[in-house]
Amino acid sequence: MTQALLREIIDYANRANPYPLYEELRKAPVSHDGDGPYVVSTYYEIQSLLHDPRISSDARNLKATGDDPLGQSAEDEGTTLPPSFLKLDPPDHDRLRRMTNRPFGPPHTPHRVHDMREELGGLVSGLIDGIATTGNLDRVDLVDQFAYPFPVTVICRLLGVPHEDEPRFHVWAETLAASLDPDPDADPTQHGKGAMDARMELGMYLAGLIEERRKNPGDDMLSQLATADGPDGAMTTMEALSTSALLLIAGHETTVNLITNGMLTLLRHPDVLQRLREDPGLSVPIVEELLRYEPPVQLLPQRTTLSDIEVAGVTIPKGASLWLILASGNRDPKRFENPDRFDPDRKDIQHLGLGSGIHSCFGAPLARQEAQLALSELARRLENPRLLEDPPQYRQNAVLRGPRHLPIACDGILPQAA
Amino acid sequence: MTGEGRSDGALERLKREGRIVVVGASLAGLRAAETMREKGFAGSLTMIGDEPYEPYDRPPLSKQVLLGNAVADHTALPRRRAIDADWRLGVPATGLDMSARRVRLGNGDEVEYDRLLIATGVRARPWPNAEEGALKGVFVLRTRDDGEGLQQALAAGPRRVLVIGAGFTGSEIASACRERGLDVTVAERGAAPLVGALGGVIGEVAAEMHREHGVDLRTGVMVTGLEGDPSGRVRAAHFSDGSTVEADVVVVGLGAQRNTEWLAGSGLGAGPRGIACDAGCRAFDIRGIVTDDIYVAGDVARSPHALFGYQFLSLEHWGNAVAQADTAAHNMLSESADRRPHLWVPAFWSSQFGVNIKSVGVPPMGTEILVTQGSLGERRFAAVYGYQGRVIAAVTFDNCRWLPFYEHQIETTAPFPPPFATVDRRPEGHKPLPADFPDPSVPTHGPTITLSGYSPADRKMTFTPGRP
Ligand SMILES: Cc1cc2nc3c(=O)[nH]c(=O)nc-3n(C[C@H](O)[C@H](O)[C@H](O)COP(=O)(O)OP(=O)(O)OC[C@H]3O[C@@H](n4cnc5c(N)ncnc54)[C@H](O)[C@@H]3O)c2cc1C
């Protein structure tokens, strides 16, 4: 069957600038061809589907054969990790997310993210100092030297995963992230197998850590997930494993892109970069606008209909696969004035960059804080930064979209603030 | 811009140098004032409020403030912009001369207006026996001062608190008491807490919540009298079932009365049920004729809602006050063709016993209820209310992220019971139950919503004049 649409979204040629394609897509809120997914591209339709209880996130409802690295289909049960809450519906989703939230955010842990501020600031300063000491300011790769190591270190510390193991799970994380990328041409068995192996290995690695934390709990989240016993009871070992795997991977693969997309956008808008340099407080609206303008998660390819649903005059049949193109909704002119303009002064910015509804980004408060700190410090300390390649080289992934490298040059690096 | 060609420029003049008076300097009044300035109103703006404070927020008073987590005088409403107003605080408006376009103040002053916005809200219904109500330790909860007083009384560690009335405010107070470790008795005339607002099925869930948190909940009883000690401090309450409860703090949560007495004799259609206005927030006079210079917004307003059969709704909801204020302000400064209706879908939230409760639509119109997601027993669910085969309202307990979906169902008059499958549908969600609201002909204490069925075309529309 033809799946031209799907191909086009996946097509690497559109990676550097997928927005013209999205604009084309938005001519109809819902597109569908062949036996491919129903693709929804307009803001209000996406927004309402994210709040629609007739839509399932449970991969087991997908009749499609697509592999699913973060939650395998029922037949795999027992041989690999159970689905993380990202791939579950209520009530299981609610229970696991709630239990994960207990050691992370309000109401039980209202200060966790805020209290990391100083630590995050230290990491940012350290990484920028590191760039300075390499001495080569003619070519700095902002991804490898900054945007990747920063959030990865943060998620390791938060979870209590030893940072020296990072090279090992980096490989697994990459494999899993890549397998999120729906590729119609890939051999499904091969594609799925690699992801499954990576998932298994990651699971075994985490199982060892969790075992150890059960005996010697610290105040990291792994310990808390492993030992918590609140009103919802305790997580099973398998649940704790898939939850920590989810956090680890999400912590790896999203904030990196937010920061990189952010610097790229700022370098393309030197006036805004200059304003941020003078006023770090501007990082708050800048990050919100970035989440609209260049969201790190471009689309959600894992939703299924539980009933026939009418969306903008199209009946999507029960059991269909739905793709919600968040990044397209974010540029919908019916919702945002001048949507293709990067404008941190925008009012009323309720973007889809972090999703919406019960699956809205779990790590949002942390991601926001990381990106705000990173961008304002880079803006303040890099002297006369400029892009060496525009567009830069992108990663393959159409879902988690971002540059693989972001080569820049600058004249110097200012010292840390006293 | 739109006005120029069409009118004699009166609107432009109003915007440039007109006089706008807002009576009621709280949520609705402030938001309306901000919108008027936003829309370029450059004339004089007078804000009249009988409380001595600048606008503050009430919802925290029964929540964070009672827990001691927030201080009552730190609940000032955030300003969306400067409004450059002449503030007359601590002075009530005492009369209105509609033909001379003048508001009389308690200190004898008079203020002239070209446009008037009335946003005087409601006040707590006091204990019916004034002498008993004046005993030390007896509280109502509406104002910042009430909140501060009650919080101090709770901080002093009373042996028992009695809450009379288990509506939203009463339930929130009971919840705060328990969280502070205080013994609390709740007396409710109805069969369960929240029945007036959400019906008996949900009321049962609320009752369980009270009991599980150690509230001594007494339903189906009335408090017949309060008793003081010789020093004039409350010490006990007598119940209709013959029992007595000893309590040193009593909170009267019997709902609210509209602040309309000051309009008695003015000719405006203002009475105990509020001030009737059209969907554009323009007040009716007692003849049922709409005024063109007097607008109403917030808790004190009653306005017809197209989505609910043009019934006049009066809503004591924070979100309604904001939305209606916005509409009123817009319309006050618009030509008639540019005016907008107040089409806000009623929405309400509460938090009690650690549970986040939200509703949309008009639950008391519902005759049936269906739990579409989650479970009543787990106290985590979404339920929809049905009225004549359509979805008329929805309520969620700890499940509010789905609410926009149900709001859309209400807006599009979707069929009831919902014919589709949803995530988290349980066996109990397969058949609708009677929603079980109390008989509306029997007065209950302070329902959050009062409905009365006048259609706009109904010539027999009558208003009970305000009693002095
Ligand atoms: C304790 C408490 C908890 C609440 N919790 C919630 C909640 O969780 N969710 C929710 O949706 N809503 C809640 N509400 C309701 C919400 O606060 C009201 O809907 C909102 O305050 C209405 O605003 P308003 O401006 O119309 O009226 P008000 O806030 O009542 O303001 C009217 C003002 O006018 C003044 N006034 C009256 N008469 C005169 C006069 N003659 N001259 C001058 N001034 C006068 C009054 O003193 C008052 O300051 C709560 C209310 C209370 C009291």
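For B:THR169, indicate whether it is more than 16 Å from the ligand (Cβ to nearest atom), more than 14 Å from chain A (Cβ to nearest Cβ) and touching a Lys or Arg at 6+ places or on another chain (Cβ under 9 Å).
Details: more than 16 Å from the ligand (Cβ to nearest atom): no; more than 14 Å from chain A (Cβ to nearest Cβ): yes; touching a Lys or Arg at 6+ places or on another chain (Cβ under 9 Å): yes.
Spelling it out, it is not the case that B:THR169 is more than 16 Å from the ligand (Cβ to nearest atom), more than 14 Å from chain A (Cβ to nearest Cβ) and touching a Lys or Arg at 6+ places or on another chain (Cβ under 9 Å).
Quick test of your reading of the structure: B:TRP318 fulfils all but one of (1) hydrophobic (A, V, I, L, M, F, W, C); (2) at pLDDT 95 or above; (3) over 19 Å from the mean Cα position of the chain (by Cα); (4) surrounded by fewer than 19 Cβ atoms within 10 Å (Cβ to Cβ). Name the failing condition by number.
(3)
Output the residue which, of all residues in the stretch B:40-49 that are assigned to a loop (DSSP other than H, G, I, E, B) and surrounded by fewer than 21 Cβ atoms within 10 Å (Cβ to Cβ), is nearest to the ligand (Cβ to nearest atom). Lay out the reasoning, then the answer.
Going residue by residue through the stretch B:40-49, those that are assigned to a loop (DSSP other than H, G, I, E, B) are B:40-43.
Those still in the list that are surrounded by fewer than 21 Cβ atoms within 10 Å (Cβ to Cβ) too: B:40, B:42-43.
Numbers: B:GLY40: 23, B:ALA42: 24, B:GLY43: 21 Å.
Taking the candidates together, the pick is B:GLY43.
Just the residues that are touching a residue at least 40 places away in the same chain (Cβ under 8 Å), assigned to a loop (DSSP other than H, G, I, E, B) and farther than 15 Å from A:LEU50 by Cβ, please, taken from the stretch A:314-332.
Scanning the stretch A:314-332 gives A:GLY319, A:ALA320, A:ARG331.
Scan the stretch B:21-37 and give yes if some residue there is within 14 Å of the ligand (Cβ to nearest atom), among the polar types (S, T, N, Q) and farther than 30 Å from A:PRO107 by Cβ, otherwise no. Steps first, please.
Initially, the stretch B:21-37 is screened for residues within 14 Å of the ligand (Cβ to nearest atom), giving B:21-35.
From what's left, among the polar types (S, T, N, Q): B:26, B:35.
Narrowing further to those that are farther than 30 Å from A:PRO107 by Cβ: B:35.
Yes: the stretch B:21-37 contains one or more residues that are within 14 Å of the ligand (Cβ to nearest atom), among the polar types (S, T, N, Q) and farther than 30 Å from A:PRO107 by Cβ.
Between a first residue in the stretch B:307-336 that is within 14 Å of chain A (Cβ to nearest Cβ) and a second residue that is of a type outside the set (Phe, Trp, Tyr) and within 11 Å of the ligand (Cβ to nearest atom), which pairs have beta carbons less than 8 Å apart while being 6 or more apart in sequence or on different chains?
Partner pairs satisfying both residue conditions: B:ASP326/B:ARG31; B:ASP326/B:ALA32.
Only helices (runs of 4 or more DSSP H) wholly contained in the stretch B:94-198 count here; list those with 2 or more residues that are farther than 24 Å from B:SER240 by Cβ.
Working: elements: B:130-133, B:144-155, B:168-179.
Qualifying helices (runs of 4 or more DSSP H): B:144-155, B:168-179.
Condition first: buried (at least 21 other Cβ atoms within 10 Å of the Cβ), near the ligand (Cβ under 8 Å from one of its atoms) and among the hydroxyl-bearing types (Ser, Thr, Tyr). Can you find one or more residues in the stretch B:61-68 that meet it?
First, pick out the residues of the stretch B:61-68 that are buried (at least 21 other Cβ atoms within 10 Å of the Cβ): B:61-62, B:65-66.
Restricting the remaining residues to those that are near the ligand (Cβ under 8 Å from one of its atoms) gives B:61-62.
Restricting the remaining residues to those that are among the hydroxyl-bearing types (Ser, Thr, Tyr) gives B:62.
Yes, the conditions are met somewhere in the stretch B:61-68.
Could you give me the residue pairs with C-beta distances under 6 Å whose first residue belongs to the stretch B:414-425 and is over 13 Å from A:ASP308 (Cα atoms) and more than 9 Å from chain A (Cβ to nearest Cβ), whose second residue is buried (at least 16 other Cβ atoms within 10 Å of the Cβ) and aliphatic (A, V, I, L, M) wherever it lies, and which are 6+ apart or on separate chains?
Short answer, once both residue conditions are applied: B:ALA414/B:VAL391; B:PHE416/B:VAL391; B:PRO417/B:LEU370.
Could you tell me whether B:ALA337 is assigned to a helix (DSSP H, G or I) and modelled with pLDDT under 95? Before the answer, list the steps.
Working: assigned to a helix (DSSP H, G or I): yes; modelled with pLDDT under 95: yes.
Yes.
For the stretch A:295-351, what are the residues that are surrounded by fewer than 17 Cβ atoms within 10 Å (Cβ to Cβ), within 14 Å of chain B (Cβ to nearest Cβ) and either within 30 Å of A:GLN274 (Cβ to Cβ) or not acidic (Asp, Glu) (or both)?
Matches in the stretch A:295-351: A:ALA312, A:GLY313, A:THR315, A:PRO317, A:LYS318, A:GLY319, A:LYS347, A:ASP348, A:GLN350.
Given the residues A:PRO90, A:PRO103, A:PRO151, which is the only one that is crowded, with 22+ Cβ neighbours inside 10 Å and either within 19 Å of A:ASP411 (Cα to Cα) or away from chain B (no Cβ under 14 Å) (or both)?
Values: A:PRO90 fails: either within 19 Å of A:ASP411 (Cα to Cα) or away from chain B (no Cβ under 14 Å) (or both); A:PRO103 fails: crowded, with 22+ Cβ neighbours inside 10 Å.
Exactly one of A:PRO90, A:PRO103, A:PRO151 is crowded, with 22+ Cβ neighbours inside 10 Å and either within 19 Å of A:ASP411 (Cα to Cα) or away from chain B (no Cβ under 14 Å) (or both), namely A:PRO151.
Yes or no, residue by residue, for (1) within 22 Å of the chain's Cα centre (by Cα); (2) part of a helix (DSSP H, G or I):
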site	(1), (2)
B:TYR295	yes, no
B:ASP299	yes, yes
B:VAL322	yes, yes
B:ASN356	yes, no
B:GLY374	no, no
B:VAL384	yes, no
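Inspect the stretch B:102-109 for any residue being more than 14 Å from chain A (Cβ to nearest Cβ), among the small types (Gly, Ala, Ser) and away from the ligand (no atom under 12 Å from the Cβ) and give the result as yes or no.
The answer is yes, given that some residue of the stretch B:102-109 is more than 14 Å from chain A (Cβ to nearest Cβ), among the small types (Gly, Ala, Ser) and away from the ligand (no atom under 12 Å from the Cβ).
For the stretch A:389-408, check the following and say yes or no: at least one residue is outside any loop (DSSP other than H, G, I, E, B) and surrounded by fewer than 16 Cβ atoms within 10 Å (Cβ to Cβ). Before the answer, list the steps.
Restricting attention to the stretch A:389-408, the residues satisfying the condition of being outside any loop (DSSP other than H, G, I, E, B) are A:394, A:400, A:403, A:407-408.
So of that shortlist, the ones also surrounded by fewer than 16 Cβ atoms within 10 Å (Cβ to Cβ) come out as none.
For the stretch A:389-408, residues outside any loop (DSSP other than H, G, I, E, B) and surrounded by fewer than 16 Cβ atoms within 10 Å (Cβ to Cβ): absent.
Restricting the search to the stretch B:246-272, which residues are surrounded by fewer than 19 Cβ atoms within 10 Å (Cβ to Cβ) and either over 18 Å from the mean Cα position of the chain (by Cα) or of a type in the set (D, E, K, R) (or both)?
Selection gives B:GLU246, B:GLU261, B:ALA264, B:GLY265, B:GLY267.
Could you list all residues from the stretch B:246-271 that are within 14 Å of the ligand (Cβ to nearest atom), under 14 Å from B:THR120 (Cβ atoms) and either within 14 Å of another protein chain (Cβ to nearest Cβ) or not hydroxyl-bearing (Ser, Thr, Tyr) (or both)?
Selection gives B:ALA256, B:GLN257, B:ARG258, B:ASN259, B:GLU261, B:TRP262, B:LEU263, B:ALA264, B:LEU268, B:ALA270.
Is it the case that B:ALA383 is within 19 Å of B:MET36 (Cβ to Cβ) and in contact (Cβ under 8 Å) with a residue 12 or more places away in the chain?
Values: within 19 Å of B:MET36 (Cβ to Cβ): no; in contact (Cβ under 8 Å) with a residue 12 or more places away in the chain: yes.
No.
Name, by its number, the condition in (1) in contact with a Gly (Cβ under 9 Å, 6 or more places away or on another chain); (2) aliphatic (A, V, I, L, M); (3) more than 10 Å from the ligand (Cβ to nearest atom) that does not hold for B:ILE83.
B:ILE83 satisfies every listed condition except (1).
Specify the residue that is nearest to the ligand (Cβ to nearest atom); the eligible residues are those in the stretch B:272-281 that are assigned to a loop (DSSP other than H, G, I, E, B) and of a type outside the set (A, V, I, L, M). Don't jump to the end; show me each part of the working.
Quick first cut of the stretch B:272-281, residues assigned to a loop (DSSP other than H, G, I, E, B) only: B:272-273, B:278-281.
Subsequent filtering for residues that are of a type outside the set (A, V, I, L, M) retains B:272-273, B:278, B:280-281.
Numbers: B:PRO272: 14, B:ARG273: 15, B:ASP278: 18, B:GLY280: 17, B:CYS281: 12 Å.
Filtering the stretch B:272-281 for residues that are assigned to a loop (DSSP other than H, G, I, E, B) and of a type outside the set (A, V, I, L, M), the one nearest to the ligand (Cβ to nearest atom) comes out as B:CYS281.
Counting only residues that are within 11 Å of chain B (Cβ to nearest Cβ), crowded, with 19+ Cβ neighbours inside 10 Å and of a type outside the set (S, T, N, Q), how many does the stretch A:25-50 have?
Of the residues in that region, 2 qualify.
The values are calculated or read from the model by the stated rules, or taken from the named source; none is laboratory data. Worth saying up front: this structure is predicted, and the values here are computed from it rather than measured. Positions of Cβ are backbone-derived with ideal geometry, glycine not excepted, and every protein chain shown enters the neighbour counts.
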